[in-house]
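Heads up, the thing below is written out as structure tokens.
The values are calculated or read from the model by the stated rules, or taken from the named source; none is laboratory data. Please read all numbers here as calculations on a predicted model, not as lab measurements. Every residue, glycine among them, receives a Cβ derived from its backbone with ideal geometry; neighbour counts consider all protein chains shown.
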Protein chains: 2
Amino acid sequence: MTQLRFALAQIDTCVGDLDGNAERIMRYARLAAHQGAGVVAFPEMTLTGYPIEDLALRATFRRAAWDKANWLATELEADGLGDLYVVVGTVGTDHASDRPRNRLVVLHDGTVWAGYDKHFLPNYGVFDEFRIFAAGDKATVLDIDGVRVGVAICEDIWQDGGPVARIAREGVDVLLTINGSPYEEGKTHTRLDLASRRAAEVNAPLIYVNQVGGQDDLVFDGGSFVVDTDGTLLERSPMFVEHLGIFDLDTSAAHQTPGVIAAQPDPDEEVYTACVLGLKDYMAKNRFSGVCLGLSGGIDSALVAAMAADAVGGSNVHGISMPSMYSSDGSKDDAADLAANIGAHYDVQPIEPLFNAFQSQLSLEGVAAENLQARIRGVIVMAYSNSKGLLAVATGNKSELACGYSTIYGDAVGGYAPIKDLLKTRVWELARWRNRAAAAGMGVGGLSIVGNEEGNAGVPVPDGVMIPINSILKPPSAELRPGQKDSDSLPEYELLDRVLAAYIEHAHGRADLLADGFDVHTVDTVMRLVDRAEWKRRQYPLGPKVTALAFGRDRRLPVTNAFRE
Amino acid sequence: MTQLRFALAQIDTCVGDLDGNAERIMRYARLAAHQGAGVVAFPEMTLTGYPIEDLALRATFRRAAWDKANWLATELEADGLGDLYVVVGTVGTDHASDRPRNRLVVLHDGTVWAGYDKHFLPNYGVFDEFRIFAAGDKATVLDIDGVRVGVAICEDIWQDGGPVARIAREGVDVLLTINGSPYEEGKTHTRLDLASRRAAEVNAPLIYVNQVGGQDDLVFDGGSFVVDTDGTLLERSPMFVEHLGIFDLDTSAAHQTPGVIAAQPDPDEEVYTACVLGLKDYMAKNRFSGVCLGLSGGIDSALVAAMAADAVGGSNVHGISMPSMYSSDGSKDDAADLAANIGAHYDVQPIEPLFNAFQSQLSLEGVAAENLQARIRGVIVMAYSNSKGLLAVATGNKSELACGYSTIYGDAVGGYAPIKDLLKTRVWELARWRNRAAAAGMGVGGLSIVGNEEGNAGVPVPDGVMIPINSILKPPSAELRPGQKDSDSLPEYELLDRVLAAYIEHAHGRADLLADGFDVHTVDTVMRLVDRAEWKRRQYPLGPKVTALAFGRDRRLPVTNAFRE
């Protein structure tokens, strides 16, 4: 009988931060050794952060990552951890083509011991790996104290054939996969189903270690797990927090003994937490300690402010009420109530004098006059950002962004938009969930992802209401002209969101949408709005490319990038 | 002896405009037949426009393109052109995987006759084809009236092996390649060298038909040509204009007889024309007839205004002078002179009253106060855009965009940025070139790409000076505080631009830059500025992705897209 203890180190790395990521690996390796692990596995591209996009193309970065891996191996041994097998992801170089590779290495006995290069390079959705990396063409089985450990990186288990098929033929005691799998609603089940299938295919338990944390517009949810050949869940780490999971492999047992299985959050809590973690990490990794945003009294800015307060505390949120001549008293009160509920700074900056100053020169009418109001607010929000060093957060939701129902350089300004992938109806649902959680005692900053202290319930919310009920119940309005309602310009959100979900999230074409039962007028209206809003979603001006390498289409670097040569 | 006349139809298509593109194909097919051609060849993805990005993934679009190809074949025959072989590019579907293919078809005798699917799918730089298309795996040789015509699509000739190698083994009389090859400075020579090599490889002349015109941030320069097996240039079409070139193939001749070889423009004229064409087509394809922009009296806005006037005429250019308390009298005069020289509308909108209105509420200092000025100007430019239906053009150059030396939502606003890929020193060079051309008699709108009328010299420029000499000679300044100079914040442009060219355009890393002879302080300064400015170049806020398909990273549609279901 051979037993081997695996530690699943679900950690939060930062792209380009070789020093910080290496320190974190050291810390979790020590923790794993302390808990008696023989192997500790980290996520895909742990050392470099993920996804590194075109940073991988920079040779100096690849050299620095290689040096750091060697430093880490040496340091681990010096620390008395030379016996531990430390599995980390990093970037390598294919010396034939001089192109980067997405690599797994094992640090052991003071050396960078074995390498495996990712075989299947995803190039769809958010992934651009075929563009960046050269594909690996070998399967690797490690012999760790007599235990045969097959290894794979993320996409390698999502496609049939390749290294997993070869590993299945060779036979292993366990399949270890390291992943950088971004969060999506409902993906937990998809991953588990897939992993169960692969465990059956290789006839051995599968260990799935995933990254956690936000990186630019991706959120990694962790939720690492181990699944047995018959689909039994043997271990599951919590979502959205760093965690060291433990799995004891017994190679002589037909079935493994289950360990700790973390509970799954409910669907609203899951999405809310993903949005808060994305914002929290974007701020931390880009060195922002506070945010500013316009508070209109509407539901979007209220939810975003609540998320920001949950991420960094109410005292680091600067809400700015910017009423115009068309703002209702109710809206002003709702904005003030929200700020009070979350303990935010609250300033009132009326825009009417500024609007009048512009109008005395420009005499705008119609949509131009409406946009002017939104843009004056954008200038004020950015003035707070610039003068106080705050991150401006945009409050647009996916429904309005999809349809172009926003003012470019106006309400769309900001460095981060926490709810840009939430349809309006989902915004209402999450606001209701947050209020229910507040009523049940979850104060500001009381989410599990903040602090990680036992029993930290956050700062209590007065009367247990975080988001004013009025902001949830009143009909949505941009309040840019008297009596304006969103429904003047858009289908009712309940209908609109169902069409948008089908058209965008499920990629239904026009014929599919009609077959879904939507009427032809609505379908054509929504498709036209969505297709035409593309330029607004980009915001930056297009311009002709005239040199061999330019920005934008050629050069794709992460925004969050701590690499400094 | 077999002779076959090929017509090279270098045309300007619009992405998604199946009707318009088909009409244009009809027109050029008639012209080709009228000139006695047996074959007329159009560029890559002629019918759909190129690059179509994720529009290819929409099944309804692929069906519409297929219907349009059949309509075209029928229409050609009905028009008495059934004998003509019409080679067009379009999108197909791989029925096994239901993925799109980049396809060449031949329309003949009223039917869509033969197909070839692109084999090598570029996925670097501006290209995302591997992401979008399924690769073809066959080589195709057409038999046209006894002449063996090998075919290939663009990238197929840029890589060794694949269909061209197979064609070389089978033997052909001519290799016909259809292309959507974007413009880059100096690419003409690269293409010709490559084509000569392939002509030698297949031991037959090579016909290279390229697209012309602007599509979003790409410009296609045309410059179609035919090259013989020994590298002799047999035909060359002019750059930047639609054109029907003629090549007579004689299969019994060891060497072909050269035809018309268009002259190459000088390098400054070439780049200037590329920028003007990009703007002109962006406007036409997105239905803008006029532009508005801020005229500061500086060189950047002066050059952009001149380009806009050359693209659409001075009377469609709305220049706005927006002086502040820090604007020099010289700057105001230079802006007015420029507007007069190009015949533009010219308004003065002082920003001091607006600045004071904001400051009475916000009391900003330092950079925040500087940004406020730029953002007030942004609001004014967008007010002109919204109220008059004008395209706002941004005037930023590549040097300042690279270094983040601009105000987000301020001077960076606009839908198109004609000089965003020109370094500052190149801006000066092009301004000088445009003045030399004006002095030599090229008036406003006198470029070859506008109108195409013989001897159209454009609207004469007073005194033969288009861009005020002062705008070219004075030290660059943002004029956002007293006595400010760009060189307070950036290395001198002559040095900066050499580092930027090496770092961005030639992808030199830090070690390379030091080996290039740049001092360590400059290298580190420039690299830090460029790497940190990534978020500003994007402008739109990042936000967490929480659904399976979202915008941005998932959904990549062209901005210019005329497809309407």
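Against the condition among the hydroxyl-bearing types (Ser, Thr, Tyr) and surrounded by 24 or more Cβ atoms within 10 Å (Cβ to Cβ), how does B:THR425 come out, does it pass? Talk me through it step by step, then tell me what you get.
Details: among the hydroxyl-bearing types (Ser, Thr, Tyr): yes; surrounded by 24 or more Cβ atoms within 10 Å (Cβ to Cβ): no.
When the stated conditions are applied, B:THR425 does not pass them.
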**Request:** Give the range A:466-517 a look and list any residue that's among the aromatic types (Phe, Trp, Tyr) and within 14 Å of another protein chain (Cβ to nearest Cβ), or say none.
**Result:** A:TYR503
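Working only within the range B:198-233, note down all residues that are within 17 Å of B:LEU8 (Cβ to Cβ), charged (D, E, K, R) and within 14 Å of another protein chain (Cβ to nearest Cβ). It would help to see each step written out before you state the result.
Going through the range B:198-233, the residues within 17 Å of B:LEU8 (Cβ to Cβ) turn out to be B:198-199, B:204-213, B:220-228, B:232-233.
Then keep just the ones that are charged (D, E, K, R); that gives B:198, B:221, B:228.
Matches in the range B:198-233: B:ASP221 only.
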**Request:** All but one of (1) within 27 Å of B:GLY366 (Cβ to Cβ); (2) within 8 Å of chain B (Cβ to nearest Cβ); (3) part of a loop (DSSP other than H, G, I, E, B); (4) touching a helix residue (DSSP H, G or I) at 6+ places or on another chain (Cβ under 6 Å) hold for A:ALA412, so report the exception by its number.
**Result:** (4)
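Is it the case that some residue within the range A:370-384 is of a type in the set (Phe, Trp, Tyr), facing chain B (nearest Cβ under 9 Å), touching a His at 6+ places or on another chain (Cβ under 8 Å) and on the phi < 0 side of the Ramachandran plot?
Of the residues in the range A:370-384, the ones of a type in the set (Phe, Trp, Tyr) are A:384.
In the following step, the residues that additionally are facing chain B (nearest Cβ under 9 Å) were identified as A:384.
Remaining after also requiring touching a His at 6+ places or on another chain (Cβ under 8 Å): A:384.
Imposing the further condition that a residue be on the phi < 0 side of the Ramachandran plot reduces the set to A:384.
Within the range A:370-384, one or more residues are of a type in the set (Phe, Trp, Tyr), facing chain B (nearest Cβ under 9 Å), touching a His at 6+ places or on another chain (Cβ under 8 Å) and on the phi < 0 side of the Ramachandran plot.
I need the full set of residues from the range B:29-60 which are among the hydroxyl-bearing types (Ser, Thr, Tyr) and crowded, with 24+ Cβ neighbours inside 10 Å, in order please.
Step one: filter the range B:29-60 for residues among the hydroxyl-bearing types (Ser, Thr, Tyr), giving B:46, B:48, B:50, B:60.
Hits for the range B:29-60 are B:THR46, B:THR48, B:TYR50.
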**Request:** Could you tell me which numbered condition A:GLY278 fails, if it satisfies all but one of (1) closer than 30 Å to A:SER477 by Cβ; (2) within 14 Å of another protein chain (Cβ to nearest Cβ); (3) in a loop (DSSP other than H, G, I, E, B); (4) not acidic (Asp, Glu)?
**Result:** (3)
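Could you please let me know if B:SER448 is of a type in the set (S, T, N, Q), surrounded by 14 or more Cβ atoms within 10 Å (Cβ to Cβ) and assigned to a loop (DSSP other than H, G, I, E, B)? Break it down into steps so the answer makes sense when it comes.
Numbers: of a type in the set (S, T, N, Q): yes; surrounded by 14 or more Cβ atoms within 10 Å (Cβ to Cβ): yes; assigned to a loop (DSSP other than H, G, I, E, B): yes.
In short, yes.
Considering every residue within the range B:232-242, establish whether at least one is closer than 26 Å to B:PHE6 by Cβ, of a type in the set (Lys, Arg) and either touching a helix residue (DSSP H, G or I) at 6+ places or on another chain (Cβ under 6 Å) or outside the structural domain of B:LEU390 (by TED's automatic domain parsing) (or both). Give the derivation first.
Residues of the range B:232-242 closer than 26 Å to B:PHE6 by Cβ: B:232-242.
This time we only want the ones that are of a type in the set (Lys, Arg), so: B:236.
Subsequent filtering for residues that are either touching a helix residue (DSSP H, G or I) at 6+ places or on another chain (Cβ under 6 Å) or outside the structural domain of B:LEU390 (by TED's automatic domain parsing) (or both) retains B:236.
Looking for residues that are closer than 26 Å to B:PHE6 by Cβ, of a type in the set (Lys, Arg) and either touching a helix residue (DSSP H, G or I) at 6+ places or on another chain (Cβ under 6 Å) or outside the structural domain of B:LEU390 (by TED's automatic domain parsing) (or both), one finds at least one in the range B:232-242, hence yes.
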**Request:** Tell me, yes or no, whether the range B:107-125 has at least one residue that is within 23 Å of B:GLY16 (Cβ to Cβ), without any contact (Cβ under 8 Å) to a residue 40 or more places away in the chain and among the polar types (S, T, N, Q).
**Result:** yes
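Residue by residue, here is whether (1) among the charged types (D, E, K, R); (2) modelled with pLDDT of 95 or more; (3) crowded, with 24+ Cβ neighbours inside 10 Å holds:
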{"residue": "A:TYR326", "(1), (2), (3)": "no, no, no"}
{"residue": "A:ALA335", "(1), (2), (3)": "no, yes, yes"}
{"residue": "A:ILE342", "(1), (2), (3)": "no, yes, yes"}
{"residue": "A:ARG375", "(1), (2), (3)": "yes, yes, yes"}
{"residue": "A:VAL379", "(1), (2), (3)": "no, yes, yes"}
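Take A:ALA550 and tell me if it is more than 27 Å from the chain's Cα centre (by Cα), within 9 Å of chain B (Cβ to nearest Cβ), crowded, with 16+ Cβ neighbours inside 10 Å and at pLDDT below 95. I'd like the intermediate steps shown before the answer.
Working: more than 27 Å from the chain's Cα centre (by Cα): yes; within 9 Å of chain B (Cβ to nearest Cβ): yes; crowded, with 16+ Cβ neighbours inside 10 Å: yes; at pLDDT below 95: yes.
Yes.
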**Message:** When you scan the range B:418-435, do you find a residue that is within 14 Å of chain A (Cβ to nearest Cβ), among the hydroxyl-bearing types (Ser, Thr, Tyr) and outside any helix (DSSP H, G or I), even just one?
**Reply:** no
**Prompt:** Only one residue in A:GLY404, A:GLY410, A:GLY414 is touching a Lys or Arg at 6+ places or on another chain (Cβ under 6 Å) and touching a residue at least 40 places away in the same chain (Cβ under 8 Å). Which one?
**Reply:** A:GLY404
**Qualifying residue in the range A:424-439 (condition: in contact with a helix residue (DSSP H, G or I) (Cβ under 6 Å, 6 or more places away or on another chain), without any contact (Cβ under 8 Å) to a residue 40 or more places away in the chain and closer than 18 Å to A:ASP334 by Cα)** = yes
**Prompt:** When residues of the range A:487-512 are filtered for being more than 29 Å from the chain's Cα centre (by Cα) and assigned to a helix (DSSP H, G or I), how many remain?
**Reply:** 5
**Request:** Tell me which of these A:LEU76 doesn't satisfy, since it passes every other one: (1) under 25 Å from A:LEU194 (Cβ atoms); (2) in a helix (DSSP H, G or I); (3) at pLDDT 95 or above.
**Result:** (1)
**Message:** Of the conditions (1) closer than 30 Å to B:GLU269 by Cβ; (2) of a type in the set (D, E, K, R); (3) crowded, with 19+ Cβ neighbours inside 10 Å, B:ASP128 satisfies every one except a single condition; which number is it?
**Reply:** (1)
**Request:** Please find, among A:GLN349, A:GLN359, the residue that is surrounded by fewer than 22 Cβ atoms within 10 Å (Cβ to Cβ), farther than 29 Å from A:GLN215 by Cβ, within 8 Å of another protein chain (Cβ to nearest Cβ) and of a type in the set (S, T, N, Q).
**Result:** A:GLN349
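Give the residues of the range B:385-404 that are more than 16 Å from B:ALA308 (Cα to Cα) and either more than 7 Å from chain A (Cβ to nearest Cβ) or within 21 Å of the chain's Cα centre (by Cα) (or both), sorted by residue number. Break it down into steps so the answer makes sense when it comes.
Residues of the range B:385-404 that are more than 16 Å from B:ALA308 (Cα to Cα), as a first pass: B:386-388, B:398-404.
Scanning the range B:385-404 gives B:LYS388, B:LYS398, B:SER399, B:GLU400, B:LEU401, B:ALA402, B:CYS403, B:GLY404.
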**Message:** Quick check on the range B:436-448. Is at least one of its residues under 24 Å from A:GLU365 (Cα atoms) and either within 12 Å of chain A (Cβ to nearest Cβ) or of a type in the set (Ser, Thr, Tyr) (or both)?
**Reply:** no
**Message:** For the condition in contact (Cβ under 8 Å) with a residue 24 or more places away in the chain, in a loop (DSSP other than H, G, I, E, B) and surrounded by 21 or more Cβ atoms within 10 Å (Cβ to Cβ), what is the one hit in A:MET466, A:MET442?
**Reply:** A:MET466
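Take the range B:390-441 and flag every residue that is out of contact with any strand residue (DSSP E or B) (no Cβ under 9 Å at 6 or more places or on another chain) and either among the basic types (Lys, Arg) or outside the structural domain of B:SER321 (by TED's automatic domain parsing) (or both).
Pass one, the range B:390-441, residues out of contact with any strand residue (DSSP E or B) (no Cβ under 9 Å at 6 or more places or on another chain): B:396-407, B:410, B:419, B:421-437, B:439-441.
Matches in the range B:390-441: B:LYS398, B:LYS424, B:ARG426, B:ARG432, B:ARG434, B:ARG436.
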**Asked** Looking at (1) among the small types (Gly, Ala, Ser); (2) over 19 Å from A:PHE42 (Cα atoms); (3) touching a helix residue (DSSP H, G or I) at 6+ places or on another chain (Cβ under 9 Å), which is the one condition that is false for A:ALA200?
**Response** (3)
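Are any residues in the range B:156-197 part of a helix (DSSP H, G or I) and within 14 Å of another protein chain (Cβ to nearest Cβ), and if so, which ones?
B:LYS187, B:THR188, B:HIS189, B:THR190, B:ARG191
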